[in-house]
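To keep things clear, I will list the structure first and then write my remarks on it.
The values are calculated or read from the model by the stated rules, or taken from the named source; none is laboratory data. Model, not experiment: these values are computed from the prediction. Glycine gets a Cβ as well: all are built from the backbone with ideal geometry, and neighbour counts include every protein chain shown.
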């Protein structure tokens, strides 16, 4: 945060220096150059274009900066760089939280733990699960890491940030190569080896009652403020384009 403020201050100072470098400079006309007479009449006049008024209850530039800081896809912690789990709400579109695509939501969730620590019942259950995509006999032969997400942890996160649990989802995904679910361990598993969290960059925003509507990159994100002053995710949709 401190680094960004210093950078912005330097940039602003540079822009001001460039702007005011020309102030006070007067262009003179060479003596051999004829100065055209001033026109006193204009055949055509153009009406000034009215400025587009700001939306009622629009966010300030500072508030938009804070929104984008909260939605940054990565954050630093003492021991490394981590994906921001909040960005999982930007991996697929939904009209309401219950329509979340859990496969995409968990693909780069960032709050999972490692899978089985060794060959054993859990790894054997994974190999026997429908959709298991690998041809390996032992855990140390896995070409990519296994990420395990306790359903209780996923439910707690969804309830905190969207007011729902996985039981409220309109579609509960069947086990597949993209996301396995083991009922006996009540956990989800996926196998991503890269980091590609969802991205949303806010450009404009305004309040409508309890709703906070944010737009940017051709997308619209709607949050709802609770009585406790927190915000819940309500929808994430592409902006309708005028034809």
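Check the stretch 167-180 and report whether any residue there is surrounded by 11 or more Cβ atoms within 10 Å (Cβ to Cβ), at pLDDT 95 or above, in contact with a strand residue (DSSP E or B) (Cβ under 6 Å, 6 or more places away or on another chain) and under 14 Å from residue 115 (Cβ atoms). Yes - at least one qualifying residue is present in the stretch 167-180.
With respect to residue 140, is the statement that it is free of Cβ contacts under 8 Å to residues at least 60 places away in the same chain, touching a helix residue (DSSP H, G or I) at 6+ places or on another chain (Cβ under 6 Å) and not in a loop (DSSP other than H, G, I, E, B) true?
Numbers: free of Cβ contacts under 8 Å to residues at least 60 places away in the same chain: yes; touching a helix residue (DSSP H, G or I) at 6+ places or on another chain (Cβ under 6 Å): no; not in a loop (DSSP other than H, G, I, E, B): yes.
Here the answer is no, as residue 140 does not meet what is asked.
Report the residue count in the stretch 195-209 for those that are more than 10 Å from the chain's Cα centre (by Cα) and either touching a residue at least 40 places away in the same chain (Cβ under 8 Å) or surrounded by 16 or more Cβ atoms within 10 Å (Cβ to Cβ) (or both). Can you show your working first?
Keep residues of the stretch 195-209 that are more than 10 Å from the chain's Cα centre (by Cα), which gives 195-196, 203-209.
Now narrow it down to the ones that are either touching a residue at least 40 places away in the same chain (Cβ under 8 Å) or surrounded by 16 or more Cβ atoms within 10 Å (Cβ to Cβ) (or both): 195-196, 203-208.
Result for the stretch 195-209: 8.
The residue that is modelled with the lowest pLDDT, counting only those in the stretch 49-84 that are touching a strand residue (DSSP E or B) at 6+ places or on another chain (Cβ under 8 Å) and exposed (fewer than 10 other Cβ atoms within 10 Å of the Cβ), is 56. The sole residue among 168, 99, 155 that is in contact (Cβ under 8 Å) with a residue 24 or more places away in the chain, within 22 Å of residue 226 (Cα to Cα) and under 21 Å from the mean Cα position of the chain (by Cα) is 99. Contact annotation: no residue pair with Cβ atoms under 6 Å, 6 or more positions apart or on different chains, pairs a residue in the stretch 112-125 that is on the phi > 0 side of the Ramachandran plot and without any contact (Cβ under 8 Å) to a residue 12 or more places away in the chain with a partner that is surrounded by 18 or more Cβ atoms within 10 Å (Cβ to Cβ) and part of a loop (DSSP other than H, G, I, E, B).
For the structure I just gave you, tell me whether residue 212 is at pLDDT 95 or above, within 17 Å of the chain's Cα centre (by Cα) and over 30 Å from residue 80 (Cα atoms). For residue 212, the condition - at pLDDT 95 or above, within 17 Å of the chain's Cα centre (by Cα) and over 30 Å from residue 80 (Cα atoms) - is met.
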